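Each remark here refers to the structure printed beneath this line.
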Amino acid sequence: MSENHAATATQQTTAPAVPAPGRRREPMFPDGPAPDPAGSHHERRIRSFQPRRSRVTTGQGEALRRLWPQWGLDIDGLSKIDLGELFGDPALPVVLEIGFGMGEATAQMAAADPGTGILGCDVHTPGQGNLLALAERNGLTNVRVANGDAIILLREMLAPDSLAGIRVYFPDPWPKKRHHKRRLIQPEFLALAATRLAPGALLHCATDWEPYAEQMLEVLTEAPGFENTQPDGGFAPRPDFRPLTRFEGQGLDKGHVVRDLLFRRA
């Protein structure tokens, strides 16, 4: 899960996190994102994300109730996604963003590039609601929100060569050595991503965790089907289309070094 944004509220009033004692548990959003959309349909494996449980504000909850049936989808792994149908435009190039946090940077990128669709994938319910609210407030019709495991989305639900790009901004670095196997950017993930990216499409990663940045550069450099856009084979300058987020600014103030990696599907 992305850690690139601190949790923010669209309104200060919060919805109850748990049902009152003695009441039968009902889904908070019956027509919204499912708690575990893939369920037992697919094998359990080591996951690169850890779901965060936090309160959904009134505004986020209202956005989920009203907008999820129109702009949201559960990653159940049981059906193929027609991206042209999902966005209402067969010619629209679509970029997959894995882990969008509270969605602020996603909304900025969507507003700056209305000719590109952004399919944001996350498991954080408040962030899903926040991004939907931002999309509606700013008239962003080029945003869709996917709930669940990005690996299942890529492997089971997206067609080969269907994506114009993949963005992975500030994923969980899993800093402890015994947890490195949980990091998303691994050879197996890159092999799968290469099959879903169109030729020439970009895989763009960013992190402020230097050891993870070095690992990303190593595995991407060795990954078949990818080539570094930088002639020197190193990190890339932050491209203009990636907004400088509040989280990133706080890290820079603390002396963190943010690394961007831009690799193209050969």
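The condition (being at pLDDT 70 or above and in a loop (DSSP other than H, G, I, E, B)) is satisfied by just one residue among L92, L73: L92.
With the condition kept exactly as written, say whether any residue in segment 248-266 is more than 20 Å from the chain's Cα centre (by Cα), at pLDDT 95 or above, over 17 Å from Y169 (Cα atoms) and not basic (K, R). No: segment 248-266 contains no residue that is more than 20 Å from the chain's Cα centre (by Cα), at pLDDT 95 or above, over 17 Å from Y169 (Cα atoms) and not basic (K, R).
So which residues in segment 82-100 are out of contact with any strand residue (DSSP E or B) (no Cβ under 7 Å at 6 or more places or on another chain) and either closer than 26 Å to P126 by Cα or open to solvent by 20 Å² or more (accessible area, probe 1.4 Å) (or both), if there are any at all? Residues satisfying the conditions are D82, E85, G88, D89, P90, A91. What pairs come out if I take residues in segment 87-115 that are farther than 17 Å from S162 by Cβ and pair them with residues that are of a type in the set (S, T, Y) and open to solvent by 30 Å² or more (accessible area, probe 1.4 Å) whose C-beta lies under 6 Å away, six or more apart or interchain? Sorted first by the residue in segment 87-115, then by its partner, the pairs are M102/T8.
If F241 satisfies every condition in (1) hydrophobic (A, V, I, L, M, F, W, C); (2) modelled with pLDDT of 95 or more; (3) under 25 Å from K176 (Cα atoms); (4) open to solvent by 80 Å² or more (accessible area, probe 1.4 Å) but one, which is the exception? Single failed check for F241: (3).
The values are calculated or read from the model by the stated rules, or taken from the named source; none is laboratory data. Since the model is a prediction, treat every value here as computed from it, not as a measurement. FYI the Cβ positions are ideal-geometry reconstructions off the backbone, even for glycines, and counts take in every protein chain you see. Please note that ligands, DNA and RNA were not included when accessible areas were found on the heavy atoms of the full protein model with its side chains. Shrake-Rupley method; radii C 1.70, N 1.55, O 1.52, S 1.80 Å.
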